[in-house]
Structures are given as structure tokens and as C-alpha cells.
Amino acid sequence: MKKMISSILILFIIIAMIGCKKKESYDGGDVIQDYEQNITPTVTPTPEPTVSPTETIEDSNHEGEMRSFLTGLWVPEEIGRKRPYAFQFSNFKSVSNQWGISQADIVYECIVEGGITRLLGIGENYTGDRLGSTRSSRHYFVSIADEYDAIYIHYGKTKYAVSKIKQLGIDNLDGETGIGTTVFYRDKSMKAPHNAFASIDGILAGIKKKGYKTEYASDYKPHYSFYETDTDLADGSSVQKVTLKFSAYTSPYFEYNQDDKLYYRYQFGGPHKDSNNGNQLTFKNIIVQFVKEWDIDRNDYQTMDIEDASGKGYYITNGKMIPITWKKKEASRWMRYYNEAGEELTINPGKTFITLFPNDRTEDVVLN
């Protein structure tokens with residue numbers, strides 16, 4: 001009997017042990033181990049979607065940005081959609097390190113009268129409370145401002161400029177009109193007439209009073225065609241220095257820096273700087289545009305024939321120069337530049353300097 005009881009107990013123990021082992025086979029550890037062994041070696045990676053590399057870079061790195069119409073560089077959309085300001089800077093020697101001029105994206109230099117030059121700074125993001133000094137308009141600067149749909153800022157004008165402003169319907173802020181005291185102020189520590197300045201707050205207040213639109217039209221097309229990235233000219237002559245012999249009074253020049261691939265501007269015996277920040281003016285592109293120039297009324301008022309005209313010139317970038325041609329019809333607003341093959345000129349992203357230089361003195365543009 002005892003043997004039978006012992007046998008029954010042993011049988012119960014064996015059944016209990018088998019039951020425990022069955023429960024262990026459902027343990028989460030075993031399930032996880034099986035899952036890991038299966039997923040790692042057997043999952044086939046999903047192929048990357050095929051997309052344009054350019055689109056990928058632009059979408060991921062430039063959200064909320066656009067290519068500037070003035071420089072071809074990436075800028076916030078709220079800046080890139082703004083109409084630029086065309087600011088008329090004095091270039092008299094005593095104020096030649098202008099205030100705020102380094103904020104201009106495109107700078108024009110043209111002869112006015114008496115051998116002096118005047119500068120027009122086209123910029124989309126002027127800031128600060130001291131911009132200038134500013135001087136009076138000439139009619140060919142009005143035509144240039146119109147090319148960019150810019151709001152033209154100047155202090156005074158010739159009678160020819162008055163006619164051109166009316167003809168083209170230019171939005172402008174003139175220091176000699178009723179809006180003048182809103183936009184401009186005079187620095188009494190300096191000699192007139194080279195002591196008139198504007199502030200960005202004054203400019204914005206003037207624009208609001210005038211009711212000018214502040215953004216480009218939705219269908220606006222850029223003035224220039226830009227390369228996507230910095231590009232060396234395939235052909236062309238080496239140019240390390242550009243000298244513009246406007247007159248005995250002024251002969252500015254530019255020197256090429258191979259490290260940053262920019263041209264540095266000099267005038268009146270030293271670097272041309274912005275008095276607001278001490279920065280020397282530098283440019284990625286230089287365009288020399290030869291134009292017909294003459295005394296419009298024998299009273300020493302110059303004219304630069306760019307309204308319905310064409311001519312030759314140079315495009316200079318990254319240490320090289322190529323010959324170009326240009327053409328403009330006033331009704332179309334835009335100046336067009338072409339390479340030797342007759343194709344529209346493509347320029348490098350960055351700041352641009354342009355001079356309208358008399359075409360009967362081409363030898364006074366010296367390229368070294």
C-alpha cells in the first residue's frame with residue numbers, strides 16, 4: 001500500500017513539472033527573442049524615393065526663403081518680395097564714405113556735372129537711422145530706378161528728372177517736397193548741401209503717407225539671370241584691377257581678392273567704406289556699360305543715353321572679363337545684357353556694381 005501511495009505521489013510530481021514547463025514556453029522573453037531574431041536579418045530596407053537633389057536641398061534648407069531678385073542669394077520671403085529702395089547717394093569727397101551704402105545690393109555710378117559722380121544704391125533691406133548723405137536726382141537715375149520697380153529716394157531734382165518721374169510714374173520720396181520733413185533731416189554739424197540724411201523709420205512713414213505699394217506684383221520677373229552657384233567664366237581675360245578714370249576729380253578702382261573672389265572698391269586715396277559699420281564696399285560682379293554722353297542743354301547738365309539705345313561693355317567676375325553688349329527700350333523698362341554669342345548674360349549670385357561710362361572714352365576704363 002505504501003508503495004502504491006509513493007507511486008501515485010511520484011506521478012503527481014511528474015505531471016506538475018510538465019505543466020510548469022508548458023507555462024514557461026509562453027514567457028515573454030522567449031517571444032521577444034524569436035521576434036528579434038526574425039526582424040533584423042529579414043527586413044528589406046525601403047528604397048529612398050528618387051528626387052531632384054536641387055529640389056531636396058531647397059525644400060529642406062530654404063523653407064520660408066526665396067532667391068533675391070537683386071542678388072540671386074537666398075533671403076527671407078518677406079525681404080525678397082519687398083520693392084527695393086533706390087537711394088541717391090552723394091559721392092562728394094567730404095562725404096564719400098557714405099552712411100548705409102554697404103546695404104545696397106546693386107550700386108550704380110554715373111557722371112553728373114563738374115567731373116563728379118553720383119551713386120545710386122538699389123537695396124531690399126536698408127536699416128538704420130542714418131542713410132546718406134543724399135543728393136538730387138538726374139533723369140537717367142530715374143530710368144534706372146524704374147528698371148527695378150524701386151521706390152526712388154532723393155533730395156531735389158533737375159527739370160529733366162521732374163519730366164522723367166512724371167513720364168514713368170515713379171514712386172518717389174523727394175526731400176524738396178512736402179514729404180521731405182517726414183523722411184529726411186539735416187545734420188547741422190555738416191555743410192549743406194551734403195548734409196541731408198534719411199532714416200528707415202522716416203522712409204517707411206513717407207511710403208505710408210504716399211500710399212505706395214510695398215511689394216512686387218505677383219507676376220514680377222527678375223531683372224537678372226543668375227547662376228545657381230558661384231561660377232567661373234569659361235573664357236575671358238584675366239582682370240585683377242579695374243580703374244574708372246571719370247575725371248581729374250575722381251578715378252575709383254577695384255582690386256580682386258582671390259581668397260573671397262570679390263572686388264574691393266577704392267576711391268579718393270583709400271578704401272571706400274560705409275561710415276555706419278566701417279566695412280569696405282565689395283562686389284561679386286562688375287558691369288561696365290559704355291553709353292553716349294553729352295551736355296544736354298549746354299548748361300553742364302549731363303545725359304546718359306540709355307532710354308532707347310544699345311552699346312557695348314564688359315562683364316567682370318571671379319578675376320575674369322568677357323565683352324558684352326546691352327540694349328534697352330524704355331517702354332519695356334529692363335536693361336538687357338548679352339554675351340558674345342548673343343545669349344542673355346547670366347551673372348554670379350552676389351552684389352553687383354554697374355557704371356555708365358562715356359563711350360567716347362573707353363580707354364579711360366583700365367583693366368589690369
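We did not get these values from a lab; they are worked out from the coordinates using the rules stated. Predicted model, so just to flag it, every value in this text is computed and none were measured. Because the Cβ atoms are built from the backbone with ideal geometry, glycine has one as well, and the counts that use them run over all protein chains shown.
Is it true that Thr303 is β-branched (Val, Ile, Thr), over 25 Å from Val112 (Cα atoms) and surrounded by fewer than 18 Cβ atoms within 10 Å (Cβ to Cβ)?
Considered against the rule, which asks whether it is β-branched (Val, Ile, Thr), over 25 Å from Val112 (Cα atoms) and surrounded by fewer than 18 Cβ atoms within 10 Å (Cβ to Cβ), Thr303 comes out as no.
Val75 fails exactly one of the following numbered conditions: (1) crowded, with 22+ Cβ neighbours inside 10 Å; (2) in contact with a Ser or Thr (Cβ under 7 Å, 6 or more places away or on another chain); (3) among the β-branched types (Val, Ile, Thr). What is the number of that condition?
(1)
Considering only residues of region 178-219 that are loosely packed, with under 15 Cβ neighbours inside 10 Å and of a type in the set (Val, Ile, Thr), which is nearest to Tyr152 (Cα to Cα)?
Once the filter is applied, the top-ranked residue is Thr214.
Filter region 274-300 down to residues that are in a strand (DSSP E or B) and either surrounded by fewer than 15 Cβ atoms within 10 Å (Cβ to Cβ) or on the phi > 0 side of the Ramachandran plot (or both), then give me how many there are.
Within region 274-300, residues that are in a strand (DSSP E or B) and either surrounded by fewer than 15 Cβ atoms within 10 Å (Cβ to Cβ) or on the phi > 0 side of the Ramachandran plot (or both) number 2.
Conditions tested, residue by residue: (1) surrounded by 19 or more Cβ atoms within 10 Å (Cβ to Cβ); (2) of a type in the set (Phe, Trp, Tyr); (3) over 15 Å from the mean Cα position of the chain (by Cα); (4) within 21 Å of Tyr212 (Cα to Cα).
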{"site": "Arg83", "(1), (2), (3), (4)": "yes, no, no, yes"}
{"site": "Phe89", "(1), (2), (3), (4)": "yes, yes, yes, no"}
{"site": "Val107", "(1), (2), (3), (4)": "yes, no, no, no"}
{"site": "Cys110", "(1), (2), (3), (4)": "yes, no, yes, no"}
{"site": "Arg118", "(1), (2), (3), (4)": "yes, no, yes, no"}
{"site": "Arg135", "(1), (2), (3), (4)": "yes, no, yes, no"}
{"site": "Tyr148", "(1), (2), (3), (4)": "yes, yes, no, yes"}
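So how many residues does region 200-216 have that are touching a residue at least 24 places away in the same chain (Cβ under 8 Å), of a type in the set (A, V, I, L, M, F, W, C) and within 17 Å of Arg81 (Cα to Cα)?
1
Output the residues belonging to region 154-171 that are in a strand (DSSP E or B) and in contact (Cβ under 8 Å) with a residue 24 or more places away in the chain.
His154
Just a yes or no: is a residue in region 258-278 under 27 Å from Tyr160 (Cα atoms) and touching a residue at least 12 places away in the same chain (Cβ under 8 Å)?
Scanning region 258-278 turns up no residue that is under 27 Å from Tyr160 (Cα atoms) and touching a residue at least 12 places away in the same chain (Cβ under 8 Å).
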